[in-house]
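My questions all concern the structure below.
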Amino acid sequence: QNIEVVLKCILVSAPSNIEPGPTMQLPALLLAVTAAAASCRSSHAAAFASIEDYHPKTDVGFLSDLALDLREMDLLLKTGDDEGFRLAKDIYTHGGYAAPHANLLIAEDLPYALDAGDELIGTGIDGGKVTVTVEKGSHEKGERGTTLRVLHSGNDCHRSGLPNTDTSRCLMEKGALEMVGKEGEVAYTYSTTNDIKSDHTIRNMSVNAKSKYRPHGNNHEGYYHDFQKYVDYFEHPDFANRLIESAFDKVFYSLESRGIQWDFTSLSQRARRTMIIHAAAYMILAPFVIRELETAVDHCDRSCPAENCNHDSFHAMDGAVALYTGTLHRDTGKGNLMFGLAQNMCPEFRTCGSGAASTSGTAKVNIDVFTVFKEMQNNLVNGRCLEAKLNKDTVAHEMMVPLIQASLLSLHMEQESDTDEARAERAVFTTAVLPLVYHCDREIVDYVAKHVDPTREADANTFAIIKEHYEEHYRCMVIGCLDVGGIWDPAANNYVEGAETCYVPPDESPIEGINFEHVLFIACVVIGVLGLIAFVMRRRRLAKFRRQQAQDALDYDSEDEENFADDDSLSS
């Protein structure tokens, strides 16, 4: 498949590099083709650029670009005016940067049939050459008046209405397309204002959760295991969209069965912005990472060569990595999705580095997650589906860590500065964690939910109580104290009092005067004594057995006695 893409590129670019004639020699022709191939190969490789040290096998840039939608929403919400909120909601609902497609009206009879994946060449608004790909469907020769859905190469064309949108790299609104190697042109018309849309929107990921989070999208199947935890708690698969639209529209958000009654009419725009952006990133996009991994496992086929039938697995696997990091990760080293959250939390909790003992460098969570990403990709390539599922479970557990850290930090920071923005941050991060805690302890969740209402001040001991309850259920959530760490005070070079890590190193036993070496010595002595007792008791039983056998052997001849002695020595 990759070779086919490069060959198509060579066919497109070769005419501009090669001028065949009677005097042209074969070496010159080969050099021209080689140059075109090198250019095409490098451009194709760039489309699948590495994400950290993970190498995608498919093009999933459109999922990474959802981070751009989130960034534009945030910038618009920061303006603090109604128009900014309107435009931000428009991006949330209709998308922006993630794989927008153009719906072209076929104006004249098609000169040849078109199928999904076919590439066509046209002219852009800026006069330059534009390559588009047929995204969906098949079109028969002679067809006209129907819609041809295409994607612009390089994702350079975006729908109008976005801030600072430049449509110059979009196709002209009326023109003709050509296919290399085919005679005739495909005449079309469309509107850059009304006919450029995107199916890949943040909102759609939530409102379509009822089918998206089931095996193969089958509504008769149960939800994926990890998403079922969210449905059990929130009772609706589109829970995140309900919360976000309540914040956008400045209305009540209610979940009566959990005692949640949030009045967004009384919240400031800054607080509503915090709820919207964090809920979109960590209650929609983050769970979708796990959904993509589940899909990869669903499509894993151990019975045939990977290159022939595991493409859907690779694509979903790559999509999970893209959604975990996002496009902005390349620019900032962090980004605004889960990778970025983990990077922001690790200096606060001293969980950076492979040993989770530093305040700088790559978060241990990110190191571990990318290690598992690569292992899972390798397992999918080799058809090891069960191992791939175990990899998915590991990533799901690891992703809880930065969410719990953000919840604890926001709870603690609110004690220092009680603003409605701080309350909103506390509410959204803690609410993102509650379904995971609910899976372990249903009783305590109601208490926690009532104490993170963004419209009211938290009690003085809320942080301590919630921290204790989190730690009690780390084992159930398959994470540890070392993973989460504690809130670090760089000035004191120690943990903040009352916010320490619950991790106790082996040489720092909580029993005064006893360290790890003492415990090890005592254990060795106990084991030695028990072994000696067992040995002595066995010897006594063996001696008794010998006496009995000797008595019975008096009736045997000497040869039998010798044989008995040999057997007895073996027995002993």
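The values are calculated or read from the model by the stated rules, or taken from the named source; none is laboratory data. These numbers come from a predicted model, not from an experiment. We place every Cβ from the backbone using ideal geometry, glycine too, and count neighbours over all the protein chains shown. Surface areas here come from the heavy atoms of the whole protein model, side chains and all, with no ligands, DNA or RNA. Shrake-Rupley method; radii C 1.70, N 1.55, O 1.52, S 1.80 Å.
Among the residues of segment 124-149, which ones are free of Cβ contacts under 8 Å to residues at least 24 places away in the same chain and either more than 18 Å from Asn103 (Cβ to Cβ) or in a strand (DSSP E or B) (or both)?
Gly127, Lys129, Thr133, Val134
Now, a different point. Check every one of the helices (runs of 4 or more DSSP H) wholly within segment 270-358 and list those with 3 or more residues that are in contact with a helix residue (DSSP H, G or I) (Cβ under 8 Å, 6 or more places away or on another chain).
In segment 270-358, 286-298, 311-325, 328-332, 338-349 are the helices (runs of 4 or more DSSP H) which contain 3 or more residues that are in contact with a helix residue (DSSP H, G or I) (Cβ under 8 Å, 6 or more places away or on another chain).
Sticking with this structure for a sec: Could you tell me whether any residue of segment 73-93 is among the hydrophobic types (A, V, I, L, M, F, W, C), assigned to a strand (DSSP E or B), in contact with a Leu (Cβ under 8 Å, 6 or more places away or on another chain) and surrounded by 14 or more Cβ atoms within 10 Å (Cβ to Cβ)?
Checking segment 73-93: not a single residue is among the hydrophobic types (A, V, I, L, M, F, W, C), assigned to a strand (DSSP E or B), in contact with a Leu (Cβ under 8 Å, 6 or more places away or on another chain) and surrounded by 14 or more Cβ atoms within 10 Å (Cβ to Cβ).
Is it the case that Ser191 is among the polar types (S, T, N, Q), at pLDDT below 90, in a loop (DSSP other than H, G, I, E, B) and open to solvent by less than 60 Å² (accessible area, probe 1.4 Å)?
no
Quick grid of which residues meet (1) in contact with an Asp or Glu (Cβ under 6 Å, 6 or more places away or on another chain); (2) modelled with pLDDT under 95:
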{"position": "Gly181", "(1), (2)": "no, yes"}
{"position": "Ile196", "(1), (2)": "no, yes"}
{"position": "Asp199", "(1), (2)": "no, yes"}
{"position": "Arg203", "(1), (2)": "no, no"}
{"position": "Val207", "(1), (2)": "yes, no"}
{"position": "Asn218", "(1), (2)": "no, yes"}
{"position": "His225", "(1), (2)": "no, yes"}
{"position": "Ile244", "(1), (2)": "no, no"}
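Among the residues of segment 99-123, how many are outside any strand (DSSP E or B) and either open to solvent by 10 Å² or more (accessible area, probe 1.4 Å) or within 19 Å of Glu173 (Cβ to Cβ) (or both)?
The number of residues fulfilling the criteria is 11.
Got a sec? Which helices (runs of 4 or more DSSP H) wholly within segment 425-489 have at least 2 residues that are open to solvent by 20 Å² or more (accessible area, probe 1.4 Å) and under 15 Å from His412 (Cβ atoms)?
It comes to 462-472.
Based on what the data block shows, is Ser266 without any contact (Cβ under 8 Å) to a residue 24 or more places away in the chain and among the polar types (S, T, N, Q)?
Against the criterion (without any contact (Cβ under 8 Å) to a residue 24 or more places away in the chain and among the polar types (S, T, N, Q)), Ser266 does not qualify.
For the structure I just gave you, tell me whether Gly84 is at pLDDT 85 or above, under 22 Å from Thr201 (Cα atoms) and touching a helix residue (DSSP H, G or I) at 6+ places or on another chain (Cβ under 6 Å).
Judged against the criteria, Gly84 is a match.
Continuing with this model, one more query. Can you tell me how many residues in segment 502-524 are outside any loop (DSSP other than H, G, I, E, B) and either modelled with pLDDT under 75 or open to solvent by less than 70 Å² (accessible area, probe 1.4 Å) (or both)?
7
If you scan segment 336-369, which residues turn out to be open to solvent by less than 20 Å² (accessible area, probe 1.4 Å) and within 30 Å of Pro215 (Cα to Cα)?
Correct list: Leu337, Met338, Phe339, Gly340, Leu341, Ala342, Val365, Asn366, Val369.
For the list (1) open to solvent by 10 Å² or more (accessible area, probe 1.4 Å); (2) within 13 Å of the chain's Cα centre (by Cα); (3) not aliphatic (A, V, I, L, M), I need the number of the one condition that Gly326 fails.
(1)
Sticking with this one: Can you pull out the residues in segment 210-250 that are farther than 16 Å from Asp453 by Cβ, of a type in the set (A, V, I, L, M, F, W, C) and either without any contact (Cβ under 8 Å) to a residue 40 or more places away in the chain or part of a loop (DSSP other than H, G, I, E, B) (or both)?
Within segment 210-250, Val231 is the sole residue that qualifies.
Those residues that are surrounded by fewer than 19 Cβ atoms within 10 Å (Cβ to Cβ) and in contact with a helix residue (DSSP H, G or I) (Cβ under 9 Å, 6 or more places away or on another chain), I need them from segment 213-222; list them, please.
Pro215, His216, Gly217, Asn218, Asn219, Glu221, Gly222 - these are the residues of segment 213-222 that are surrounded by fewer than 19 Cβ atoms within 10 Å (Cβ to Cβ) and in contact with a helix residue (DSSP H, G or I) (Cβ under 9 Å, 6 or more places away or on another chain).
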